[in-house]
Amino acid sequence: MKRIDLNADIAEGFPYDEALLKLLSSANIACGLHAGNAVEMHKAVKFAKENNVRIGAHPSFPDRENFGRTAMQLAPQALMAYLRYQLGALKAIADAQGIAISYVKPHGALYNQAAKDTALSQLIVRTIQQFNPQLKLMGLAGSLMLRVAEEEGLATISEVFADRHYMPDGSLVPRNQPNAMVESDEEAITQVLQMVMEEKVRAIDGSFVPVKADSICLHGDNEHSLLFAQRIVAELQKHHIVITA
């Protein structure tokens, strides 16, 4: 029987977190540097615990002005400090509620840069290992960041996206390109089922790219996203695919 994890970014200041957490098996909790704050983090951890949802830290570059989507080149010690700050903040809030962090998923530009940058990937992996070597690293399926993590002995979670188009090399189409997003719910559902059941995804040039799908990223920043998440859950259940972390 096929199994898949469903994750979404939580505690970013949108009003659908509680409803979304009734559908997810994993929650990527923003740690305050690209969005959210301590109160949002506390509420997200509370909702996740109530719904038996696994939690992960969702750290970013220090870039609230652009929602963490600006490419940055920070000094290694500076970036390591920002990462430790965010992981420590979430751990303190989670510890107080008796729930453990299970993984780390970098956000936005940090995620995309690390997918292709060996030095950045190594820094992220080292920081996680120093913080808690039992944590897993969630990243883009087939990416350099996950290969680096595996080489360094850090467990990984291969992530695929329901609503993003793919390049022929398996990377995501950049958001500044007009065809970056999958606009049709039907196309997104077809893409999800193909990734989970056939372990491949159609790239923008029509070719098929092999993918390992451990977790599907859904978005929940508007009402349509929530309705789409409900449709995805229904389709997975219809095809007897178990949703579990």
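The values are calculated or read from the model by the stated rules, or taken from the named source; none is laboratory data. Computed from a prediction, not measured in an experiment: that's the story for all the values here. When we count neighbours, we look across all protein chains shown, and the Cβ atoms used for this are built from the backbone with ideal geometry, even at glycine. For the accessible areas, the whole protein counts, side chains as well, though only heavy atoms, and no ligand, DNA or RNA atoms are used. Shrake-Rupley method; radii C 1.70, N 1.55, O 1.52, S 1.80 Å.
Things to note:
- Rolling a 1.4 Å probe across the protein heavy atoms gives the chain an accessible surface of 45 Å² per residue.
- Added length on full extension, which subtracts the Cα-Cα distance from 0.36 nm per residue, Phe208 to Glu152: 17.2 nm
- Taking each residue as 0.36 nm, the span from Gln77 to Ala180 lengthens on full extension beyond its C-alpha to C-alpha distance by 33.8 nm.
- With N the number of residues in the stretch 127-198, Rg(Cα) / (2.2 N^0.38 Å) evaluates to 1.31.
- Within-15-Å neighbourhood charge of Ala78 [Cβ basis; K, R +1; D, E -1]: +1
- Summed residue charge, Cβ within 13 Å of Met195's Cβ, Lys/Arg positive, Asp/Glu negative: -3
- The stretch 93-201: trypsin sites (Lys or Arg not before Pro) in DSSP loop, at most 15 other beta carbons within 10 Å: Lys116, Arg175
- Under the simplified labelling scheme, the Arg126-Ile243 pair shows an inter-label distance of 4.0 nm, with each label point 7 Å from Cα along Cα→Cβ.
- Computed on the stretch 59-106, the Cα convex hull volume stands at 81 Å³ per residue.
- Counted by Cβ distance under 15 Å from Val209, the other residues give a net charge of -1, where Lys and Arg count +1 and Asp and Glu count -1.
- Charge dipole (debye, nearest 20) of the stretch 186-245; +1 at Cβ of Lys and Arg, -1 at Cβ of Asp and Glu: 180
- Cα centroid separation - the stretch 57-76 against the stretch 168-185, whole Å: 21
- Helical runs assigned H by DSSP (4 residues or longer) give the chain a calculated mean residue ellipticity at 222 nm of -12500 deg cm²/dmol, each run adding -39500 (n - 2.57) before division by the residue total.
- Per residue, the convex hull around the alpha carbon atoms of the stretch 1-156 comes to 110 Å³.
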